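In what follows, a structure is listed as structure tokens, so that the remarks can point back to it.
Please treat every number below as a calculation from the coordinates, not as lab data. Fair warning: this is a prediction, and the values are worked out from it, not measured in the lab. Cβ atoms come from the backbone with ideal geometry, glycine included; neighbour counts cover every protein chain shown.
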Amino acid sequence: MGHLAKLGGKLKTWRKRWFVLKNGTLTYWKSQHDMNRKPQGQIMLDEACRINRAEGASTFEIDTGKKVYYLTADSNATMDDWIRVLQNVQRRNATKLLLSRDDQKPTIQGWVTKVKNGHAKKCWCVLLGKMFLYFKAPGETNPLGQINMRDARVEEVEHVSDSDSEEREDPTQSQARLTVAIYPAHQGPTYLILPGKQERDNWLYHLTVVSGGGPNAGTQYEQLVQKLMETDGDPNCVLWRHPILLHTKDAITSPLTSLHSEAMQPEAIKLFKSIQLFMSVAVNQPGIDYHVVLAQNALQHCLDMPELQTEMIGILVKQTSRHTGQKLSVGVQVNKKLGKQTRAPAPPPII
């Protein structure tokens, strides 16, 4: 507990307030003598909160996702103490909430060598919702640390051996170790060293998904869909006239959506040809059986290779979108479904 200056009011002025941290909630009054009265406000330090330094001397901010509170301490040392305590409480609250929810299961978990500030440590890492948590061992409830993946940037990087690592690496194995970098907002990077390509691809995919990816993530088709999502699928948007989104009689040379492996790319092109043929051949009585076989083959192709299911949705959107009235509205609805998957690479196959 203690005094902090809070920026607020209609005129946005700094006013001194008495703050008390209790049970994961930061409560404030006009003065210490008003604590028997109703508080002026409360700040819940839940999983959505972000606590960081702000511009200005000894100033920090608490972003709840709905409102940003600007607070100033008497000195930089006092500010650092407040930030450290509040972040620790917020981490504990967020972790307890996540771990206590029956419906919240880890998206991915496993042993990973985590590197930060030149120091490597093998940790049990867990991705719960948008929180990346790392523990000493499986089953523990108090994490060594955590990263809020909201607004974080995720990239694949080359692994560089670090002399400060707690474990010496076998030179013959170091080449096989692959690294994923996490760049959180307002924090230094954290590197995850993984033993193989399968593990790297799994972590890279899931971390990218929860971080929201980037504006240039995905294929050109996916980027156009994302831009349409930002307009809420406006039927009058000029993007609908882009050739990549329109029906074509020509074959495609590359998949419409991101695929995990190069081996899937020719399969996606074959799928496009099958659907294109199904839609272009006239339906008449003698050809009904042929159409049924074409449809069955395309659907079976996607059942055998689940990674192609998103590609199939994209193909149907493209081949039924001619920027004309009713057909366009169908494209908008399907694009809304597809748009949820356009900011990250396609998921790796489950082995």
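Quick notes on this one:
- Estimated distance in nm for a label pair at Asp81 and Ala57, the labels positioned 7 Å out from Cα along Cα-to-Cβ: 1.9 nm
- Loop-located GluC sites (Glu not before Pro) in the stretch 1-91 (DSSP state other than H, G, I, E, B) with a sparse environment of at most 11 neighbouring Cβ atoms within 10 Å: Glu55.
- GluC sites (Glu not before Pro) within the stretch 224-310: DSSP coil, no more than 11 neighbouring Cβ in 10 Å: Glu262
- One chain, two ends: Asp151 and Trp111. Fully extended at 0.36 nm per residue, the span grows by 12.0 nm beyond their Cα-Cα distance.
- Packing-based exposure ordering (other Cβ within 10 Å, fewest first) of Ile313, Ile288, Ile62, Ile51: Ile288, Ile313, Ile62, Ile51
- Using a simple spin-label model with pseudo-atoms 7 Å out from Cα toward Cβ, Lys12 and Thr253 lie 5.2 nm apart.
- The slack between Val68 and Gln198, meaning 0.36 nm per residue of separation minus the straight C-alpha distance, is 42.8 nm.
- Residues Glu155, Glu222, Glu311, ranked from the fewest to the most other C-beta atoms within 10 Å, line up as Glu155, Glu222, Glu311.
- Cα shape, the stretch 223-318, gyration tensor, a/c 1.5 rule: oblate
- Cα lying deepest toward the dipole's positive end in the stretch 1-125, options Val115, His33, Thr95, charges on Cβ: His33
- Distance between the pseudo-spin-label points of Asn36 and Val292 (7 Å out from Cα toward the beta carbon): 8.6 nm.
- Gyration tensor verdict on the stretch 3-74 (Cα atoms; rounded if a/c is under 1.5, prolate if a/b is larger than b/c, oblate otherwise): oblate
- Tensor-based shape of the stretch 35-147 (alpha-carbon gyration tensor, a/c under 1.5 rounded, otherwise prolate or oblate): oblate
- Residue order, fewest to most surrounding Cβ atoms within 10 angstrom, among Leu277, Leu303, Leu128: Leu303, Leu277, Leu128
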